[in-house]
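Asks: My questions will all concern the structure given below.
The values are calculated or read from the model by the stated rules, or taken from the named source; none is laboratory data. What you are looking at is a predicted structure, and each value in this text was computed from that prediction instead of being measured. We place every Cβ from the backbone using ideal geometry, glycine too, and count neighbours over all the protein chains shown. These accessible areas exclude ligands, DNA and RNA; they are computed on the full protein's heavy atoms, side chains included. Shrake-Rupley method; radii C 1.70, N 1.55, O 1.52, S 1.80 Å.
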Amino acid sequence: MYRLGCVFAHPDDETFVAGGTIAQLTAAGHRVDLFCATDGDAGKSSGIPFSSRTELGARRRLELAAASQVLGIGSLSTPGHGDGVLKEVDPDRLIGEIVYFVRRYQPDVVLTFGPEGAPTQHRDHRAISRAATAAFFLAGLASEYADQLREVAPHAASRLYYAAWDPPSPDAELKALSVAVSCRVPVGDHLATKREAFLAHASQRQHETRFEELTMLATERFALAAGVAQPRSVTESLFEGL
């Protein structure tokens with residue numbers, strides 16, 4: 001059994017980025033754990049009325065739990081940082097939370113956003129990329145966040161992958177480039193599960209067209225950022241060669 005640790009910024013990131021891959025892995029008996037830094041309380045709500053950001057955040061946390069159940073995710077870590085202001089969180093605190101997540105669930109591979117922040121280049125995506133990258137390297141060092149060692153042991157994941165995508169067409173709405181793709185996971189058999197997980201995020205239905213056009217593809221794409229080298233230049237599994 002392999003273990004994947006996903007580190008993202010908002011509820012629904014897990015489905016947009018890797019819903020098919022997560023469904024494929026959990027269906028095959030592997031474990032996936034998720035760290036989601038914010039509750040998405042600054043987002044829109046697809047016409048669903050909310051009286052406050054707190055109420056929206058609580059709703060989105062419930063939606064995340066429902067989507068995670070659809071995908072077979074084993075655990076959720078949700079520290080509840082502010083949506084849209086993740087870069088303002090004390091970096092040592094955020095990195096430490098992710099270090100604890102890695103040490104607790106001991107993933108073989110950590111998956112997060114790349115430094116460009118996904119096609120949307122969202123500032124929270126960029127911030128979580130920086131923190132997760134640092135945590136990937138620090139989680140295995142007993143001298144870092146040593147106070148955690150009363151509860152968890154150091155753990156060095158074997159690989160760090162970033163979300164990636166193919167270069168956009170000249171007429172694409174989102175024109176950002178990503179780190180070069182080095183892993184294409186075939187997920188065609190799991191797209192129905194991925195769509196079901198997205199629909200569990202009912203307050204985010206305004207993104208449905210973008211979700212269908214950009215993410216409901218036969219493969220999900222990732223870029224090896226650090227760790228054990230791949231056995232070939234482009235693989236079909238995050239764990240190939242481990």
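Asks: Would you work out the relative contact order for segment 1-98, in percent, from Cα pairs under 8 angstrom that are 6 or more residues apart?
Replies: Relative contact order for segment 1-98 comes out at 34 percent.
Asks: In percent, what relative contact order does segment 136-242 have, based on Cα pairs under 8 Å that are 6 or more apart in sequence?
Replies: Result for segment 136-242 is 34 percent.
Asks: Normalised by the residues of segment 138-183, what does the relative contact order come to in percent, with Cα pairs under 8 Å and at least six apart?
Replies: Relative contact order here is 27 percent.
Asks: Can you give the local net charge around Ser169? Use residues other than it whose beta-carbon is closer than 14 angstrom to its beta-carbon, Lys and Arg +1, Asp and Glu -1.
Replies: -3
Asks: Another question, then. Helix-only mean residue ellipticity at 222 nm, the chain, DSSP H runs n ≥ 4 weighted -39,500 (n - 2.57), per residue, nearest 500. What is it?
Replies: It comes out at -11000 deg cm²/dmol, rounded to the nearest 500.
Asks: Which value, in debye to the nearest 20, gives the size of the charge dipole of the chain about its Cα centre, when Lys and Arg are +1 and Asp and Glu are -1 at the Cβ?
Replies: Dipole magnitude for the chain comes out near 200 debye.
Asks: Right, another one. Ordering Met1, Met216 from largest to smallest accessible area (1.4 angstrom probe), what's the sequence?
Replies: From most exposed to least exposed: Met1, Met216.
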